[in-house]
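One structure is given here, and the rest of the page talks about it.
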Amino acid sequence: MVRTAIIDEHLLSYLNRVAQQNTYAMGLILGQSCTGKDYVMHFAKTPPFHTENDKNLNEPEKLKSLDQINENWMSDHARQTTRMLPGGMHVLGVFVISPDSSLNPFNPKVKAVLQRIHGQLETNTYLYGNSSSEKLVVHYDPKTQKCFCKAYDVTSHIIQPAEVKTVAKKWNSVQCDYGIDKIQYIRKFEVNYPLEKHINALMNEIHDNLAQSVFLFNGEYKEGDESIENVGKNDTRHTRSNKGRSDNIGDSKPVIVSIFQSKLSEGDDASEQDSIIETGGQLRLVGKVSSKLWLQPKLSIKEASDFIRQDIMRSLVSRLEMHWDSLTEEENSEDINCLHEPPRRVLIALPNSEVTLSDYLFPGEGPQDAKVSFEELLDIKINGKLTIQDVEGQADISEYQNSTSESDSKEVLTKFSSETNKIMYLALVIALIVLVLALLLHFYQ
C-alpha cells in the first residue's frame, strides 16, 4: 500500500520560505501515523551546524551540497525535538530542499541521516522515538514548488513510493494528570551506584504499573476498538446529529482521562512480596505529570491509551535526562540526604495550529528560556513574549526540605531524662529477680 503524507497548506508555504533562503536544506518531519496515513503536524529545519571556522563569522556558512550535512547533528536534533512531542507524535522522517532530486536516485546522504536518526532514537526505550523503521522523505523542488515523497525502511533498506496530499486536518485533544509517589529502597551493596541507575529502576516500575492500569475516558470505560472521536457522544445511533457535528471535531472539549493504578503486579501474592531487606538508603520520586495529547479522531481507544502511557514515560525520561546532564560529578554521586528538582513541563502552541508541544523549565527559568529553545529547535520566529501554559506549576519543596533536614538530624529519637533511665533500669532488675525466683520454685517443687 502506498503511504500518504497529509500536509496543510501553511506547511507548504514554510517549505517555500526555507527554499528562498537556502539552496540546500534538511529538516525533520513531525507528525502522527494513523490508518495508513502520516499526518504531518510540523516541519522543522535543522539548525546550522557550527564548525571551528564559523566561530569567526556572525552566521555559519550555508550548505553548498547535501554532502555537507552532519549526520550526528541531525540525529541530536531529532532526539531533542522528540522530547518536546506529545505521546503519539514522532519524527516521521526528513524533508530535503535541493535543486537536484534527492529521490531519483535516492541520495545516499539521506539514507545515512535516516539510519543515524533511527539509531539515536532507539538508545532510550522510554523515549518512544521510533513509530516504525519506515521513514518518510519529502523532497521540495524550488523550481516547481511541488513536493515529492518516498518511504525508506532503515532496516530492510527497501524504498517504497509515497504520495503527498494537501488536506486540512482536525485533532482531538486528550488530557490527563498522573500522580507519582514511588520509593526505591537501596540495598547496602547498591549505595555507590550512580543516581541514574536508581532512577532507571523506578522508571521500570512506573512503566510496568502503567501497563496494568485501567483508563477511563470522560469517566467511562471504553472498549479498545472504539474510536476516540466517539468519546463523549451520548448516543452514536443518532447518525443525523453526528453528521452535523463531524466537521467540528477539533473544536470539541478535550477528553479527560483518569488512570486507576494497580497496587500489585498481575499474578503476585501480597504474602510473597513481604520480606525484610537490609538497606543503605532510599530514593523517593514524588510529583505530577500533566499530559495533553493531540490525536487523530480515527485512532482507537487502545491506541490512545498506549499514547498516553508513552507521553507519561517520554516526559519523565526527558526531564530526568536533562536533570542528569545538569548535575556535577559530586552531585551525581553524593551519599547524603539531598533534594533534586527536575525541570517542569510547560506547553506551547504551534503557530497556525491548536497543537501544543512541550518544553521543560528548570527552577528560575521562564518564558524567555522556552522561547529560545522553541525557536531554535522548531525553526519558528516568535514576535514578542512567548505565551506558555504552566500546566504543572512550580513545585512546593518546603515540605520535602523539612523532611530531609529532619532525617539528616542526629536528634531524631526522643531522649529520656536520667531519672527516667534509672527507673527503667530498676524495673528491669526487679523483673529479673522475680524470674529467677520463679524458676527456683519450679525446679524445687
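The values are calculated or read from the model by the stated rules, or taken from the named source; none is laboratory data. Please read all numbers here as calculations on a predicted model, not as lab measurements. For neighbour counting, all protein chains shown are included, and Cβ atoms are generated from backbone atoms with ideal geometry for every residue, glycine included.
The set of residues in the range 19-46 that are crowded, with 18+ Cβ neighbours inside 10 Å and under 21 Å from Q68 (Cα atoms) comprises A19, Y24, A25, M26, G27, L28, I29, F43, A44, K45, T46.
Taken together, the criteria place L136 among residues that are of a type in the set (A, V, I, L, M, F, W, C), assigned to a strand (DSSP E or B) and touching a strand residue (DSSP E or B) at 6+ places or on another chain (Cβ under 7 Å).
Just so you know, in the range 273-307 the residues that are part of a helix (DSSP H, G or I) and of a type in the set (A, V, I, L, M, F, W, C) include one that is farthest from L202 (Cα to Cα), and it is I301. Within the range 304-322, residues that are under 14 Å from S258 (Cα atoms) reach partners that are part of a helix (DSSP H, G or I) and among the hydrophobic types (A, V, I, L, M, F, W, C) with beta carbons closer than 9 Å, at six or more positions or on different chains, in the pairs A304/I228; I308/L210; R309/L210; R309/A211; I312/I206; I312/L210. Close Cβ contacts (under 8 Å, 6 or more residues apart or on different chains) running from residues in the range 99-111 that are touching a residue at least 12 places away in the same chain (Cβ under 8 Å) to residues that are of a type in the set (K, R) and surrounded by 12 or more Cβ atoms within 10 Å (Cβ to Cβ) comprise L103/K150; F106/K150.
For the range 138-182, taking the residues that are without any contact (Cβ under 8 Å) to a residue 60 or more places away in the chain and closer than 25 Å to E303 by Cβ, the one that is surrounded by the most Cβ atoms within 10 Å (Cβ to Cβ) is identified as Y152. Taking the conditions exactly as written (at pLDDT below 95 and outside any helix (DSSP H, G or I)), does R345 satisfy them or not? For R345, the condition - at pLDDT below 95 and outside any helix (DSSP H, G or I) - is not met.
If you go through the range 363-379 one residue at a time, do you hit one that is more than 24 Å from L320 (Cβ to Cβ), touching a Phe, Trp or Tyr at 6+ places or on another chain (Cβ under 9 Å) and of a type in the set (A, V, I, L, M, F, W, C)? No, the range 363-379 contains no residue that is more than 24 Å from L320 (Cβ to Cβ), touching a Phe, Trp or Tyr at 6+ places or on another chain (Cβ under 9 Å) and of a type in the set (A, V, I, L, M, F, W, C). Scanning the range 91-129 for residues that are in a helix (DSSP H, G or I) and over 30 Å from I199 (Cβ atoms) returns P108, K109, V110, K111, A112, V113, L114.
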